[in-house]
Amino acid sequence: MSDPRRHIPGTDSVLAEPRIAAATRTLGRPLVKAAIAEAQRRARKGEIAPEDVVDTVVGHLPERACGLRPVINATGVLVHTNLGRAPLSDAARDAVTAAAGCTDVEFDLAEGRRARRGRGALAALAEAVPDAGAVHVVNNNAAALLLCALVLARGREIVISRGELVEIGDGFRIPDLLASTGARLREVGTTNRTYARDYTEAIGPDTAFLLKVHASNFHIGGFTAAADVAELAALGPPVVVDIGSGLLAPHPLLPHEPDAATALRAGAALVTASGDKLLGGPQAGLLVGDAGLVERLRRHPAARALRVDKLTLAALEATLRGPEPPVRTALAADDTTVRERATRLAERLRAEGVPAEVLRTEAAVGGGGAPGVTLPSTAVALPARYGPLLRTGAVPVVGRLEHGRCLLDLRTVRAEEERSVLEAVLAAQRSRTGGGSGESTAGGDDHGSERPCR
Ligand SMILES: *Cc1c(COP(=O)(O)O)cnc(C)c1O
């Protein structure tokens, strides 16, 4: 009997197969060759027949040359840090694609000469925050704070309340970030109560600025006091306000969430914020405020190391100028509509034999925004074993585990994703691998309530 291993097709002959050649053009040779090597290995071990090598390679080729996969967020956490925070609007995605090649990010096509980098995004931000004398965009909010501390406070003091020494997530502590620049932190007040007079007593010739940091992922109740921006602005030194969430103007549903316009009108010299939280755009750090200070930050050599790329500028501009981004749609979604969508989805699943129930839930903003705020929502509740199956399906759907069930919260599922969720659940039902335990592990890296189905 001949050894079947002799008939295992060689790499070159597999690469020459039309289906494999087509895949090589979209994926590149290394990924395809890795899939071929794996199929050959399995054939040598007798796990697959030699004549099945090509089919096995085709079946195991990655979808794209990048391992990141699109995921449907059914966690009910609007801004989920583990899932890439804000999903971009279609307009922003389109802008990213358009800017992906060569683009006029730093070039004036009419004049044929160099132009201000990202002027479109900067103009959009300036228009969105009319109270700001100038605006600048850096890599993220942490970078914005870093730049403020480095340029304005190196070797000097930043006065900050003990109640605002915040750890955001994954061990990221704002005080450590500030101190890393060579600025000294002058802590004032107590954890629960800090008054304007505490700042006054700390202000001296070494004071660079007063910093207010939004307690974006926790809530202190009981006997509390904090000095507001207007009180601090009256004390003399510039006031820098880290609002975190990126609301540029007040939002009616989030009355306790700080926003850039209100902080500037109250006298803040600079406001820093994230682009990928409630703003609903790409990861970015927004810096808005006093023109002279913004210019100093922008001109500092370190600003170059924190600058954003053309893709970010494209997505940011489209987020600011284009249609409502998904995070804002999910935030504003009408409770009744969400409930109707969940009811419809559960009915269709039950008609296919899936034990789906409708459950009233509470969605959360998450990702460092509106701590303690819950939004009425509705989920399709499935047995816990669906959690791992949905996560590992062709289109991964991440729900959240609650009361031993896998909840798919419809508030964070975009209407155009509903069909994919339906198909994913039906595929999970059909799959024979069943029986994941669905046990819970603490979720997101930072914002407590983020607990995806594991
Ligand atoms: C999220 C957050 C940050 C960090 O923002 P990144 O954009 O992730 O760097 C800083 N401060 C506050 C108050 C936040 O909520």
Completion exercise
Checked segment 217-301 with the C-alpha gyration tensor, a ≥ b ≥ c its square-rooted eigenvalues, rounded below a/c of 1.5, otherwise prolate if a/b is larger than b/c and oblate if not; verdict oblate
Exercise for the section: Grab the Cα-Cα distance for ARG321 and SER13, subtract it from 0.36 nm times how many residues apart they are, and report the gain in nm with one decimal. Expected result: 105.7 nm
Practice task
Give, as ranges by residue number, the residues of segment 369-402 whose backbone N falls under 16 Å from the point 7 Å along Cα→Cβ of LEU177.
Solution key: 369-370
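What FRET efficiency comes out for ALA65 versus ALA427 if R0 is 25 angstrom and r is the Cβ-Cβ distance? Round to the nearest 0.05.
Efficiency for this residue pair is about 0.50.
At 222 nm, what value in deg cm²/dmol follows for the chain if DSSP H runs of at least 4 each add -39500 (n - 2.57) and the sum is divided by all its residues, to the nearest 500? Intermediate results must be reported in sequence, preceding the final value.
Numbers: 17 runs with 161 residues, N = 454.
About -10000 deg cm²/dmol.
Around ALA132, with a cut-off of 14 angstrom between Cβ atoms, what is the net charge of the other residues, counting Lys and Arg +1 and Asp and Glu -1?
Values: positive: ARG265, ARG298; negative: GLU127, ASP131, ASP259, ASP290, GLU295.
My count for the surroundings of ALA132 gives -3.
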Practice task
Please name which of VAL105, LEU253, VAL79 has its Cα lying farthest along the dipole of the chain towards the positive end, using unit charges on Cβ (Lys, Arg +1; Asp, Glu -1) and the Cα centre as origin.
Solution key: VAL105
Exercise for the section: For helix 335-351, report the angle its Cα long axis makes with the longest principal axis of the Cα atoms of the chain; keep it between 0 and 90° and round to the nearest 10°. Expected result: 10 degrees
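Taking the Cα centre of segment 315-357 as the origin, how large is its charge dipole in debye, to the nearest 20, when only Lys and Arg (+1) and Asp and Glu (-1) carry charge on their Cβ atoms?
Details: 7 positive and 8 negative charges, 13 e Å.
Dipole size: approximately 60 debye.
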Exercise for the section: Could I have the simple spin-label model distance between ARG350 and GLU51, label points 7 Å from Cα toward Cβ, reported in nm to one decimal? Expected result: 4.9 nm
Exercise for the section: Could you work out the relative contact order of the chain, using alpha carbon pairs under 8 angstrom and six or more residues apart, expressed as a whole percent? Expected result: 19 percent
Exercise for the section: Grab the Cα-Cα distance for ARG385 and PHE218, subtract it from 0.36 nm times how many residues apart they are, and report the gain in nm with one decimal. Expected result: 57.0 nm
Handout entry: Crossing angle, helix 29-44 versus the chain [Cα axis fit, 0-90 degrees, rounded to tens]
Key = 40 degrees
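Taking Rh as the Kirkwood radius computed over C-alpha pairs, what is the Stokes-Einstein D of segment 296-421 at 20 °C in a medium of viscosity 1.002 mPa s, expressed in µm² per second?
Estimated diffusion coefficient is 126 µm²/s.
Round to the nearest 0.05 the FRET efficiency obtained for THR337 and ASP94 when R0 = 30 Å and r is the Cβ-Cβ distance. Mind showing how you got there, number by number?
Details: r = 26 Å, r/R0 = 0.87.
Once the sixth-power term is evaluated, E becomes 0.70.
Round to the nearest 0.05 the FRET efficiency obtained for ALA21 and ARG44 when R0 = 35 Å and r is the Cβ-Cβ distance.
Details: r = 24 Å, r/R0 = 0.67.
The pair ALA21/ARG44 has a calculated efficiency of 0.90.
Using only the alpha carbons of segment 345-405, what is the convex hull's orientation-averaged projected area in square nanometres? All intermediate terms of the calculation are to be shown ahead of the outcome.
Numbers: hull surface 20.2 nm².
Mean projected area for segment 345-405: 5.1 nm², to one decimal.
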Exercise for the section: Find the centroid of the Cα atoms in segment 276-313 and in segment 218-246, then give the distance between the two in whole Å. Expected result: 22 Å
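Compute, for segment 74-204, the length of the dipole vector about the Cα centre, with Cβ point charges of +1 (Lys, Arg) and -1 (Asp, Glu) only. Units Debye, rounded to 20. Walk me through the intermediate numbers first.
Details: 15 positive and 16 negative charges, 74 e Å.
Dipole of segment 74-204, to the nearest 20 debye: 360 debye.
Can you give the Rg to Rh ratio of the chain, both from alpha-carbon atoms, with Rh computed by the Kirkwood formula? Provide the component values of the computation, followed by the final result.
Details: Rg = 26.1 Å, Rh = 24.7 Å.
Computed over Cα atoms, the ratio is 1.05.
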Exercise for the section: Name the long-range amide H neighbours of PHE107: under 5 Å, sequence gap of 5 or more, or other chain; modelled H, no Pro or chain starts. Expected result: ALA115
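Computed from the coordinates by the stated procedures, all read-outs in this text should not be read as laboratory data. Since this is a predicted model, take the numbers as computed values, not measurements. Heads up, the Cβs are rebuilt from the backbone with ideal geometry, glycines too, and the neighbour counts pull from every protein chain shown.
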